Amino acid sequence: MSDEVESSSAPLIEHLTELRTRLMHSAVAFIIGMIICFTVWNPIFNFLTDPLCSAMAERGQPDCGLILIKLQEGFFVAVSISLFGGLVLSFPFIGYQMWRFVAPGLYKKEKGAFLPFLIASPLMFFLGASFAFYVVMPLAFDFFLGFQQPGREAVEDGTGVAAAIDFQGSVQEYLRLSIKFIVAFGLCFQLPVLLTLMGKAGLVSSEGLRNVRKYAVVGILVLAAVVTPPDVITQGILFVVVYGLYEVSIQLVRRVEKQREAKLRAEGLWFDDDEEEDLADEEDAEAASDDAAAIEAAEAKAYDEDARSVGFEAEDDEEDPGMADNGATDK
């Protein structure tokens, strides 16, 4: 018994050791990427502020300055940029380590099915982040900057005074808002990858996705209200983009279903609905005939047993009178 326990625990220990090795390699890659980004955090921050500076320049505000509200805010901004940049730089290596850990437990067909999604996932995230940075953020910042107003001095009668409303943004708040835009759209662009993978695994179907389309619309609206700032423009853009990705996902899942159907037809394992109904009817008829045959066999067996029991009783009755006569003669 102890030998069986030791043999079963050995593979688990090997898997845990392999997992620890992969996690350590990923952590080292993340730390290296974070250090690299920390050394060049100023150019990265200048790149992230480009949508804001462009929007302010279009409004005649060439001074694109942000302020530090707290003394330690600049340091934490550099740390935040290094953490985010380190994750972006090290993600390909982290994904490769994940693949190296999972791949030995997959069959060849499973590897061929899973590897394209592993490659498509970072590409779709990069596409969503680029869309947020180059399309959504300029529109959103232009909308927010529209609430500024120039100040007016009083005229001779003392009227016409208006306070100036100028933008003086916090460095940390701007960075948090920019990262929120990038991450939100990057994750939303993972929808086709996720639904296609689930469709390939048979967890969802194109018909099922079409049937729950109205619920998906409500869910996308809630998502747009949660992950974006409270303005109609960005919420509307996110809703249109995610809903479009949902419709694209339906077509991708449908394509996966057609490929699976063609493969099963080539192997002779695919049956249409009518053929499945006929096959089910035939199976039901065969099952009914088998049940009837079993019942007849049971009845025949019971009849034979009854007949045998009656025959034994008749033989006993024939033997009893002879025994009685022998007893009388002896007397």
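The values are calculated or read from the model by the stated rules, or taken from the named source; none is laboratory data. The structure displayed is predicted, hence computed values, not measured ones. A quick note on method: Cβ atoms are made from the backbone with ideal geometry, for glycine too, and the neighbour counts reach across all protein chains shown.
Those residues that are in contact (Cβ under 8 Å) with a residue 24 or more places away in the chain and farther than 17 Å from Leu175 by Cα, I need them from the range 27-39; list them, please. If the condition is that a residue be in contact (Cβ under 8 Å) with a residue 24 or more places away in the chain and farther than 17 Å from Leu175 by Cα, then Ala29, Phe30, Ile31, Ile32, Gly33, Ile35, Ile36 are the ones that fit.
Taking the listed residues Leu203, Leu197, the one that is crowded, with 16+ Cβ neighbours inside 10 Å, in the same structural domain as Val242 (by TED's automatic domain parsing) and at pLDDT below 90 is Leu197, with no other qualifying. Got at least one residue in the range 62-71 being in a helix (DSSP H, G or I), in the same structural domain as Phe141 (by TED's automatic domain parsing) and free of Cβ contacts under 8 Å to residues at least 12 places away in the same chain? Within the range 62-71, not a single residue is in a helix (DSSP H, G or I), in the same structural domain as Phe141 (by TED's automatic domain parsing) and free of Cβ contacts under 8 Å to residues at least 12 places away in the same chain. Mind listing just one residue for me: the one in the range 40-98 that is under 13 Å from Ser170 (Cα atoms) and at pLDDT below 85 and, of those, surrounded by the most Cβ atoms within 10 Å (Cβ to Cβ)? Checked the range 40-98; the qualifying residue surrounded by the most Cβ atoms within 10 Å (Cβ to Cβ) is Cys64.
The set of residues from the range 72-108 being part of a helix (DSSP H, G or I) and among the aromatic types (Phe, Trp, Tyr) comprises Phe75, Phe76, Phe84, Phe91, Phe93, Tyr96, Trp99, Phe101.
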